[in-house]
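What follows is a single structure, written as structure tokens, with notes after it.
Every number in this text was worked out from the coordinates using simple rules, so none of it is lab data. In this text the structure is predicted, and so the values were computed from the model without any measurement. When we count neighbours, we look across all protein chains shown, and the Cβ atoms used for this are built from the backbone with ideal geometry, even at glycine.
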Amino acid sequence: MALDLRRRAAEIFRVGVMAADPAASTASALRELDLRTRAGGHIAVLAVGKAGFGMAAAAASVLGHRVRTSDVLVVAHDEAVRTGGSEALRSGHPLPDERGLAAARQIERRAAELGAFDLALVLISGGASALLPAPAPDIGLGDKLEVTRQLLRGGATIHELNAVRKHLSTTKGGGLLRQLRPARVVTLALSDVIDDDPSVIGSGPTAPDPSTFGDAVGVLERCGVLESCPASVRARLEAGVRGDVEETPKPGDRVFDGAIYRIVGGNRTSVRAMAAACGPGVEIEPQPLEGEAREVGATLAERFAAAAPRACVGGGETTVTVRGAGKGGRNQELALAFALAAAGGPLADRRDWVFLAAGTDGRDGPTDAAGGLVDASTVARIRSAGIDPAAALADNDSYHALDAAGALMRTGATGTNVADVVVFLSSS
């Protein structure tokens, strides 16, 4: 029974991933837009993110001879499977690297070549923020990496991380759109952000930025890293607060006049597709899953123990406050926490349930797994392998604990990214 449920849960996850197919969603949106250029102008396609290849291939297919292969530039991570003949630049993810810095500089050079008769089609998807690092003057890439590490360990949310990143960058927070002007700019985004906020997707390179230098300083203070972060980071943010550094462009700024920004897909689309695959009687989590991963996992287990649904699906993006020295990701931590809480409650007496938590991009944190798929026997299998699951969770070592129980979800890169999804199935 558990094996059948595990297979079914994996199938439902795949349905969610397919619903976020970047090529189909991009092509559909492009057919609805007026992408004509003025006489003598041309179209430049800039695709950045985990779905960059699929989105760029869709653009090339729809636009046909109107766009030259040499005018399509894709920035993608190492694991992304290449499709189409467009020029591709590889970059680091989840941590930026020097290749990403070189890619950002090349895009800046492309932007500088565009004129008022041209059109820039910008295709953004999950991972774009890390894949296209462009540190502001006097900020080294190492400094940005260090403050990002500190913020992640301090439990910063994606919104908080982006508020800081945008004020340390020349492309984020509307910076890329500034560079692309005077060309007309059209942006299509496959959202990996739960509320589909354009200013957060990829750190908003072509969107208005409502956050300020003051907000960025506040994030460092809340996470307890204002004093420990690199001096160059603190100096720039404090200079911005004083007004010595230009702010990112805000809503209403004339630089956005005539620009188009459209969301072509997101997490809720995938969740709805998963619910349909479950059939009648499925429950959909009404609110996005947010907060500390281990707390979300335990809460879900306790709720399902009280009244286990036949099927329940949801989506969101939790966070992990790193306190230990282990290995894992937010979905693995969520799944392990669910299994532990289930083992200590009424679900421990049942053998007919499974719980899946995974990233739609196929990668959970700095690991080769998408997440975890646990059942009533997972905790016992972890213990049989000589691992204390509670100690592993405390050490942020969900990866090795789940791996010992055969409970890791390994899918490889999916070519898309619309945050995370969860599936609970039972035979009742």
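Just to confirm my numbers, what's the Cα centroid distance between region 219-253 and region 185-218 in Å?
What the calculation gives is 16 Å, centre to centre.
Can you give me the Cα centroid spacing of region 1-67 and region 372-413 in angstrom?
34 Å
Where does each of Phe304, Phe117, Phe355 land when they are ranked from fewest to most other beta-carbon atoms within 10 angstrom?
Phe117, Phe304, Phe355
Compute the angle between helix 267-278 and the longest alpha-carbon principal axis of the chain, please, reported from 0 to 90 degrees and rounded to the nearest 10.
So the inclination is approximately 40 degrees.
At 0.36 nm per residue, and after removing the present C-alpha to C-alpha distance, how many nm does the segment from Glu295 to Glu11 gain when stretched out fully?
Residue separation times 0.36 nm, minus the Cα-Cα distance, leaves 99.6 nm.
Return the FRET efficiency for the residue pair Arg410, Asp34: r is the Cβ-Cβ distance, R0 is 41 Å, and the value is rounded to the nearest 0.05.
0.45
Quick one: order Met18, Met274 by neighbouring beta-carbon count within 10 Å, fewest to most.
Fewest-to-most Cβ neighbours within 10 Å comes out as Met18, Met274.
With angles folded into 0 to 90 degrees, how steeply does helix 293-306 sit against the dominant principal axis of the chain? Use alpha carbons for both and round to 10.
Once rounded, the angle reads 40 degrees.
Put a dot 7 Å past each Cα toward the Cβ at Ala112 and Ser61; how far apart are the dots in nm?
Computed distance between label sites Ser61 and Ala112 equals 3.6 nm.
Determine, for Ser25, Ser427, the number of other Cβ atoms within 10 Å of each Cβ, and report the residues in order from fewest to most.
Listing Ser25, Ser427 from fewest to most nearby Cβ atoms yields Ser427, Ser25.
Please give the length that would be gained between Gln287 and Glu79 if that part of the chain were fully extended, namely 0.36 nm times their separation in residues minus their C-alpha to C-alpha distance (nm, one decimal).
Taking 0.36 nm per residue and subtracting the Cα distance, the gain is 71.7 nm.
At Asp195 and Ser427, where each label point lies 7 Å from the Cα along Cα→Cβ, what is the point-to-point distance in nanometres?
That separation, rounded to one decimal, is 4.3 nm.
Excluding residues fewer than 8 places away in the same chain, name every one of the aspartates and glutamates whose C-alpha is closer than 16 Å to that of Lys327.
Excluding near neighbours in sequence, the set is Asp364, Asp368, Asp388, Asp395, Asp397, Asp403.
Any lysines with Cα under 18 Å of the Lys250 Cα? List them, leaving off those in the same chain fewer than 8 positions away.
Leaving aside lysines fewer than 8 places away in the same chain, those within reach of Lys250 are Lys166, Lys172.
What FRET efficiency comes out for the pair Arg310/Arg351, r = Cβ-Cβ distance, R0 = 22 Å, nearest 0.05?
With R0 = 22 Å, the Cβ-Cβ based efficiency is 0.90.
What FRET efficiency comes out for Ser70 versus Leu3 if R0 is 35 angstrom and r is the Cβ-Cβ distance? Round to the nearest 0.05.
0.10
How tilted is helix 213-222 with respect to the longest principal axis of the chain? Cα atoms for both, answer in degrees (0 to 90, nearest 10).
Once rounded, the angle reads 20 degrees.
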